[in-house]
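Data first, discussion second: the structure below is written as C-alpha cells.
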Amino acid sequence: MTNTLYDALFGQHAGRDAPFLLLPEGGTITYASFLARAAQLAHALTGAGLQPGDRLAAQVEKSPEALMLYAACVQSGVIFLPLNTAYTADELSYFIENSGAKLVVCDPAKADTLHALTEAQGAALHTLAADGSGSLTEAAAGCPDSFQTVPRGADDLAAFLYTSGTTGRSKGAMLSHGNLLSNARTLAEHWRFTGEDVLLHALPIFHTHGLFVATNVTLAAGGAMIFLPKFDPEVILARMPQATTMMGVPTFYTRLLDDARLTREATAHMRLFVSGSAPLLAETHKAFNARTGHVILERYGMTETNMNTSNPYDGERRPGTVGFPLPGVELKITDPESGATLPDGEVGHIEVRGPNVFQGYWQMPEKTAAELREDGFFITGDLGMIDADGYVHIVGRGKDLIISGGFNIYPKEIELMLDDQPGVLESAVIGVPHADFGETPVAVIVPEPGATPDTAAIDAELREKLARFKHPRAIKLVEALPRNTMGKVQKNLLRDQYKGLFTTA
Ligand code: MLC
Ligand code: AMP
C-alpha cells in the first residue's frame, strides 16, 4: 500500500540531487539530503513511542529541520499539529490538551514552561531550536537515513490546524492526505509551477499559507525555495534576482511598496507574485503594477478548505476580486437565513465544496455540523458576491474576525478576558483599518458603575495570556455600547467611530 501525501510530495524526489532549500547564509539542502534527514527524524518519532494516528504538536521556529519534521510526520503516519510561535503557555496548554498530543516539540527556551504541562498529560517533550539543534535532532542523529513509509490513504488525517471560533475555544480542523494533495496539485498546475521555479519563502510555516500552499506546491512541482526565517524587505529585494515566484500576505506587498528599491528591474526575474490570507486593497494591486509591471495574483482560502478560488494565470487578474473557483471546487452564494442559492450579483454567504474541504473539527461534532453541511458544502463565514463575469468578490465577513498581517484574531477570545477584569462591566473588540497590518484590534470597555478600570493593568494581563499579535492597540472607555433593538452590539458603529485611529488618511 501507498502513502497518499508522502509518495506524491516527498517520495517522488527520493535520491534526487536537485536543490530544495536555498538557505539565507548561502548553503543548499538537496531533495535527497532533506529526505534522508527527515527519515532519521521519523525514526526518532517512532523511538519516542509515536504510532500512526498519534498527534505531534510543534511550536518551533522556522528552520529546515522544522520542515523535515513535517515530512517525518507524513512519512510515519503521525498527525502534524503546527502552532504559532507567538502563542503563550496559556494558549498552548489548550491545544496540547485538546488534541491529546503524544509528543510536543518546542523551542529549548520554552522547555521548562512546557515540562509540567506535558508531564501532566502523559505526553513526551522534545526540543528543536531555530539552528536545528535540540533533543529531537540528537535523538535522530544516529538513526538510519531511510524509513519504511507507513501506508496512509486519502482519507487518513495528515494534519490538525487550530482555528478560533466566534463563540468559544479554538477548533482543530482535521485535514486529510487527500485534502492536502488535491489542493497542492491543483495549485501547482493552475499557477504553472515547474521544477525550474524558485519560490521566495518568507511566510511562517505554522499556517496554511506557508506550509500547505507555498511548500506543498513547490514539492508537487519539484522546485526550490529560498527559505527565509521571516519577512524582511531588505533580504527579499536582495534575493529576488535568484527567484521566480513569491507568495505573501498583503502586508508583504505594502511593505515592499514602501521601499524605493522595488522597481521593474528589481522584479525582472520574477514570473509570479501571489497574495492571500487577507484582502489585498485594489490600490495596492494597482500601485504594485505601476511600479513593477507585475499583476499580483490574488487567491482566497482558509484553514478548513485550503485554497478555494484564484485569479487566472492567463487572463485578467482583477483587483479587489479573488477570481474564480479552482478546478474541482464548487462555490455558491447563499441566503444567510434560508441557505438557498442566490443569483449572481447578490451578496450572501460563501459556501464551498470539493476535495479540498476538511474532515470536520476534532471531537466537536456539533460545531462541525453547524458549518459543514451534509451535502459537503462548507459555510465559510465570509460574505461574497459573484459578478457578471464570474469573478468572486469577498465583500465582508459574516463571522466576527479580525485579520492583522494575515493572522486571525477572534474578538470573542479577547472580550471574554476583558470582561473578567476588575471594574469592567462589558466590552467589545473591533477591527479598525491599519496602514501596515490591514486591520488591528481596538478594545472598547464599559466600566462598572462608579469604577475606573486600570487600562495599564488590563494591558499587562493581556500581554501575559495572549499572543502579541492579538493585543488591542488601543483601549477605549465608553459609557455604553451601541445596541440595536434586539440588544445586539452594533460593532459597525464602533468601527466607524474608531476607523481613523491607525491610518493617516
Ligand atoms: C508580528 N506582530 C504582529 C504581527 N506580526 N502584530 C500584529 N499582526 C501581525 N501579523 C507584532 C510583533 O510581535 C511585534 O511586536 C510587532 O507586531 C511588530 O513586529 P514586526 O517586526 O513589524 O512584525 P514582523 O515580524 O515583520 O511580522 C509582520 C508580518 C508577519 C506581516 C511579516 O506577521 C507575517 O509573516 N504574517 C503572515 C501571517 C500568515 O502567514 N498568515 C497566513 C494564515 S493562513 P512588538 O512586541 O515588537 O510590538 C490563512 C489561509 C489563507 O489565512 O488563505 O492563506
Ligand atoms: P484562516 O482561518 O486563518 O484560514 O483565515 C481564513 C480567512 O481569511 C478567510 O475566511 C477569509 O476571511 C480571509 N481571507 C483569505 N484570503 C483572503 C483574500 N484573498 N481576501 C479576503 N479575505 C481573505
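Quick notes on this structure:
- Scan of region 284-296 for residues that are in contact with a Phe, Trp or Tyr (Cβ under 7 Å, 6 or more places away or on another chain) and either within 16 Å of ligand 1 (Cβ to nearest atom) or open to solvent by less than 10 Å² (accessible area, probe 1.4 Å) (or both), ordered by number: 284, 288, 296
- Among the residues of region 365-402, just one is open to solvent by less than 30 Å² (accessible area, probe 1.4 Å) and in a helix (DSSP H, G or I), namely 368.
- Residues satisfying the stated conditions in region 177-207, i.e. surrounded by 23 or more Cβ atoms within 10 Å (Cβ to Cβ) and touching an Asp or Glu at 6+ places or on another chain (Cβ under 7 Å): 177
- Looking across region 403-430, the residues that are on the phi < 0 side of the Ramachandran plot, within 16 Å of ligand 1 (Cβ to nearest atom) and either open to solvent by 10 Å² or more (accessible area, probe 1.4 Å) or among the polar types (S, T, N, Q) (or both) come down to 403, 404, 407, 408, 410, 413.
- In region 308-330, the residues that are open to solvent by less than 30 Å² (accessible area, probe 1.4 Å) and within 16 Å of ligand 1 (Cβ to nearest atom): 308, 309, 310, 311, 321, 322, 323, 326, 329
- When region 464-488 is filtered for residues that are in a loop (DSSP other than H, G, I, E, B) and in contact (Cβ under 8 Å) with a residue 12 or more places away in the chain, the ones remaining, listed by number, are 466, 467, 471, 472, 473, 478, 479, 480, 481, 482.
- Where strands (runs of 3 or more DSSP E) sit wholly within region 265-336, those with at least 2 residues that are touching a residue at least 60 places away in the same chain (Cβ under 8 Å) occupy 272-275, 297-302, 306-310.
- Subset of region 250-283 [of a type in the set (Val, Ile, Thr) and open to solvent by 10 Å² or more (accessible area, probe 1.4 Å)]: 251, 254, 263
- A residue that is modelled with pLDDT of 95 or more, within 13 Å of ligand 2 (Cβ to nearest atom) and closer than 21 Å to residue 378 by Cβ cannot be found anywhere in region 249-258.
- Unique match (being away from ligand 1 (no atom under 16 Å from the Cβ), in contact with a Pro (Cβ under 7 Å, 6 or more places away or on another chain) and of a type in the set (Gly, Ala, Ser)) among 153, 178: 178
- A search for C-beta distances below 6 Å between a residue of region 38-63 that is more than 21 Å from residue 84 (Cα to Cα) and any residue that is surrounded by fewer than 20 Cβ atoms within 10 Å (Cβ to Cβ), counting only pairs 6+ apart in sequence or on different chains, returns 39/145; 39/146; 40/143; 40/145; 43/143; 44/139; 48/124; 52/150.
- Checking residue 235 against (1) β-branched (Val, Ile, Thr); (2) within 16 Å of ligand 2 (Cβ to nearest atom); (3) out of contact with any Lys or Arg (no Cβ under 6 Å at 6 or more places or on another chain), the condition it does not meet: (2)
- Residue match in region 11-19 (condition: in a strand (DSSP E or B) and closer than 25 Å to residue 188 by Cα): yes
Matching residues to (1) closer than 22 Å to residue 170 by Cα; (2) open to solvent by 50 Å² or more (accessible area, probe 1.4 Å); (3) of a type outside the set (A, V, I, L, M, F, W, C):
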{"residue": "452", "(1), (2), (3)": "no, yes, yes"}
{"residue": "478", "(1), (2), (3)": "no, no, no"}
{"residue": "482", "(1), (2), (3)": "no, no, yes"}
{"residue": "486", "(1), (2), (3)": "no, yes, no"}
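The values are calculated or read from the model by the stated rules, or taken from the named source; none is laboratory data. These numbers were taken from a predicted model, which means no experiment stands behind them. Counting neighbours? That spans all protein chains shown, and the Cβs are built from the backbone with ideal geometry, glycine included. Please note that ligands, DNA and RNA were not included when accessible areas were found on the heavy atoms of the full protein model with its side chains. Shrake-Rupley method; radii C 1.70, N 1.55, O 1.52, S 1.80 Å.
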